[in-house]
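The values are calculated or read from the model by the stated rules, or taken from the named source; none is laboratory data. Since we're looking at a predicted model, the values are computed, not measured. Reconstructed Cβ throughout: ideal geometry from the backbone, glycine too, with neighbour counts over all protein chains shown. Note: areas computed on protein heavy atoms with side chains; ligands, DNA, RNA excluded. Shrake-Rupley method; radii C 1.70, N 1.55, O 1.52, S 1.80 Å.
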Amino acid sequence: GSEQAFKLLGILDVQNIPCARESILYGSLGSLVVGLGHFLATSRVRRSFDFGMGGFVLTTLGCWIYCRYNHAKLRIQQRIIQEGMRNKILYESSDFDPERKQNSNRGSN
Amino acid sequence: MAHPLQLGFQDAMSPIMEELLHFHDHTLMIVFMISAMVLYIIMLMMTTKLTYTNTMNAQEVEMIWTILPAIVLITIALPSLRVLYLMDEINNPHLTIKAIGHQWYWTYEYTDYDNLEFDSYMIPTQDLPNGYFRLLEVDHRMMMPMESPIRMLISAEDVLHSWAVPSLGVKTDAVPGRLNQTTFIVTRPGVFYGQCSEICGANHSFMPIVVESLPLQHFENWSTMSS
């Protein structure tokens with residue numbers, strides 16, 4: 001990532017933390033939609049701002065949790081694939097090679 | 001290693017540190033949301049025209065601001081406990097290295113196969129070649145094989161020290177008369193810096209730790225040459 005990361009409120013590095021930028025952007029959009037929608041429906045300014053704030057928090061957190069969950073699943077898959085690639089090279093043509101057992105089973109039939 | 005004006009963690013070089021980084025991201029987002037909410041409420045308080053100051057019956061809002069923080073705490077606690085127990089998993093180390101803290105240097109012992117033992121002193125600034133890191137470089141780095149679980153046994157000879165390498169997510173106190181154990185795996189080759197993390201006298205700031213991880217072949221060559 002870049003050296004001088006852009007940090008929201010001084011703490012949240014939206015450029016380098018995975019899923020952070022999308023969550024904040026979707027949250028802002030959600031906040032705008034909910035707040036504006038409430039204002040158009042009721043013409044109450046302060047209450048619309050409250051709804052907008054609530055919409056921001058809920059949309060950001062929801063998007064964040066969903067994105068991080070998928071990101072974690074992806075990381076686990078990446079690790080399994082890496083391990084598999086490493087083992088394939090290591091075990092090729094040896095007794096531990098799972099492909100070798102399959103081939104010999106096919107051959108025996 | 002750390003860079004100037006750094007606020008966040010160093011890049012993760014071990015799986016545990018990666019998990020810690022992810023947990024930190026998760027908690028930081030929650031903290032950010034709470035801060036945004038508090039700022040918003042302060043702004044509301046400063047712009048309200050309401051002035052009723054008598055105590056009111058506020059059963060509903062009391063329920064909300066008790067239940068909601070409890071949910072937030074559970075959302076933080078569950079991943080935290082997961083990482084905590086992950087750090088304690090048994091992982092069958094391939095190698096045991098002992099790190100002994102002295103005033104003011106470290107001794108590393110590799111006694112699994114040969115009797116390899118050496119001291120690691122900081123390189124003073126006047127002897128530092130150009131381009132090296134001030135107050136961080138040592139004369140003998142601790143070498144280790146990459147992608148192998150390593151067991152570290154950490155102790156001290158005189159006073160309390162602490163063996164810490166932030167990019168590996170390791171910080172273990174060196175207590176005289178006690179062996180503290182930590183295990184880690186380094187996923188990539190590289191050089192990782194840390195510093196003594198327990199006040200131990202005049203030169204506490206001047207006994208750094210440098211870990212260099214190598215592919216196994218190179219580590220074995222180094223080990224054979226050194227012993």
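Below is a table of values for the structure above.
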| quantity | calculated |
| --- | --- |
| Lone unmet requirement of (1) acidic (Asp, Glu); (2) within 12 Å of chain B (Cβ to nearest Cβ); (3) surrounded by 14 or more Cβ atoms within 10 Å (Cβ to Cβ) for A:Asp97 | (2) |
| Inter-residue pairs, beta-carbon under 7 Å, first exposed (fewer than 14 other Cβ atoms within 10 Å of the Cβ) and in the stretch A:3-29, second among the polar types (S, T, N, Q), 6+ apart | A:Phe6/A:Gln15; A:Leu9/B:Ser35; A:Gln15/A:Ser2 |
| From the options B:Ile30, B:Ile42, residue that is within 14 Å of another protein chain (Cβ to nearest Cβ) and exposed (fewer than 11 other Cβ atoms within 10 Å of the Cβ) | B:Ile42 |
| Residue identified as modelled with pLDDT of 95 or more, over 22 Å from B:Ala12 (Cβ atoms) and of a type in the set (Val, Ile, Thr) among B:Val165, B:Val191, B:Val175 | B:Val175 |
| Residue pairs meeting the criteria (Cβ under 8 Å; at least 6 apart or on separate chains; first at negative phi, in the stretch A:63-78; second among the aliphatic types (A, V, I, L, M) and in a helix (DSSP H, G or I)) | A:Trp64/A:Ala20; A:Trp64/B:Met29 |
| Those residues of the stretch A:30-49 which are open to solvent by 60 Å² or more (accessible area, probe 1.4 Å) and within 12 Å of chain B (Cβ to nearest Cβ), in sequence order | A:Val45, A:Arg46, A:Arg47, A:Phe49 |
| The stretch B:167-194 residues that are within 12 Å of B:Ile150 (Cα to Cα) and in contact (Cβ under 8 Å) with a residue 24 or more places away in the chain, paired with ones that are surrounded by fewer than 22 Cβ atoms within 10 Å (Cβ to Cβ) and of a type in the set (D, E, K, R) (beta carbon under 7 Å, 6 or more apart) | B:Gln181/B:Arg151; B:Thr183/B:Arg151; B:Ile185/B:Glu147; B:Thr187/B:Glu147 |
| Residue list for the stretch A:1-15, restricted to those being within 12 Å of chain B (Cβ to nearest Cβ) and either over 24 Å from B:Val72 (Cα atoms) or assigned to a helix (DSSP H, G or I) (or both) | A:Gly1, A:Glu3, A:Gln4, A:Ala5, A:Gln15 |
| Scan of the stretch B:86-131 for residues that are within 20 Å of the chain's Cα centre (by Cα) and at pLDDT below 95, ordered by number | B:Leu86, B:Met87, B:Asp88, B:Glu89, B:Ile90, B:Asn91, B:Pro93 |
